[in-house]
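The values are calculated or read from the model by the stated rules, or taken from the named source; none is laboratory data. Computed from a predicted model, the values in this text were never measured in an experiment. Positions of Cβ are backbone-derived with ideal geometry, glycine not excepted, and every protein chain shown enters the neighbour counts. Note: areas computed on protein heavy atoms with side chains; ligands, DNA, RNA excluded. Shrake-Rupley method; radii C 1.70, N 1.55, O 1.52, S 1.80 Å.
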Amino acid sequence: MSVPRPKLTIATCSLAGCFGCHMSFLDVDEALADLIDHIEFDRSPLTDIKHVNPQGVDIGLIEGGLCNAENVEVLREFRARCKVLVAVGACAMYGGVPALRNGIPVSELVAEAYLGSDLLNPQVPQDPELPPLLQKVLPLHEVVPVDYTLAGCPPPAAAFKELIMAQLENRAPERPPQARRFD
């Protein structure tokens, strides 16, 4: 008689991105139902849990780049609590579309967004709840070690399934070039 294997715990998080990678993950569709006996979600928009379990999780899937101080704080906590950290998509891997601002000084960005002459009451928000912007958008690997990447914008659903299956089977995931999608 075999001993039942504990479920693989998965946490997901979105930083500076569009949430498209999470949508692609949900496109795994029926395969998620097939995997439900083998996986369990921790922090995720699917669970509305805001922090990863302090005891940690097996896999952390994180999308989006780092554009502000809060993103860096969330990433560091996430990395500390995930055995395997996966940078999901072009924003997490390279900064993606949010990094298009990297050639413009932050002061000019703020002035354009909040101090335009066509605004009713132009002013820069001073709310302490707003995290300070970083001088440039960073990919995850510039702040913490990343174990795997899922390339694409967004990565195809099959890439998520392959990553999970590989972890369940204790093997490296296969990532053929045709499994990348940029659309």
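Results, tabulated for the structure shown:
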{"read-out": "Volume per residue of the C-alpha convex hull in the chain, rounded to whole Å³", "value": "145 Å³"}
{"read-out": "Acute angle (nearest 10 degrees) that the helix 157-168 long axis makes with the longest principal axis of the chain, alpha-carbon atoms", "value": "50 degrees"}
{"read-out": "Mean separation of Cα contacts under 8 Å, 6 or more apart, over the residue count of region 1-125: relative contact order %", "value": "26 percent"}
{"read-out": "Rounded to 10°, Cα long-axis angle of helix 69-80 versus longest principal axis of the chain", "value": "20 degrees"}
{"read-out": "Relative packing of 42-54, 144-156, which averages over residues the other C-beta atoms within 10 Å, highest first", "value": "144-156, 42-54"}
{"read-out": "Apportionment of accessible area to carbon and sulfur, the chain, percent (1.4 Å)", "value": "56 percent"}
{"read-out": "Selected from 33, 87, 113 as most flexible by GNM, with the chain as the system and alpha-carbon contacts under 10 Å", "value": "113"}
{"read-out": "Region 100-183: trypsin sites (Lys or Arg not before Pro) in DSSP loop, at most 11 other beta carbons within 10 Å", "value": "171"}
{"read-out": "For region 1-74: relative contact order, % (alpha-carbon pairs under 8 angstrom, 6 or more apart)", "value": "49 percent"}
{"read-out": "Computed over region 98-168, the ratio Rg/Rh where both radii use C-alpha atoms and Rh is Kirkwood", "value": "1.17"}
{"read-out": "All aspartates and glutamates inside 12 Å of residue 50 as judged from Cα atoms, apart from same-chain residues fewer than 8 positions distant", "value": "42, 77"}
{"read-out": "Relative contact order of region 53-183, pairs being alpha-carbon contacts under 8 Å that are 6 or more residues apart, as %", "value": "29 percent"}
{"read-out": "DSSP bridge pairs, the chain: antiparallel proportion in percent, nearest 5", "value": "20 percent"}
{"read-out": "Summed side-chain charge close to residue 28 - residues other than residue 28 whose Cβ falls under 11 Å, Lys, Arg +1, Asp, Glu -1", "value": "-4"}
{"read-out": "Cα-projected label distance for residue 171 with residue 53, points at 7 Å along beta-carbon direction, nm", "value": "2.7 nm"}
{"read-out": "Qualifying lysines (Cα of each under 17 Å from Cα of residue 83; at least 8 residues distant if same chain)", "value": "7"}
{"read-out": "Heavy-atom surface of region 8-122, accessible at 1.4 Å and reported per residue (Å²)", "value": "51 Å²"}
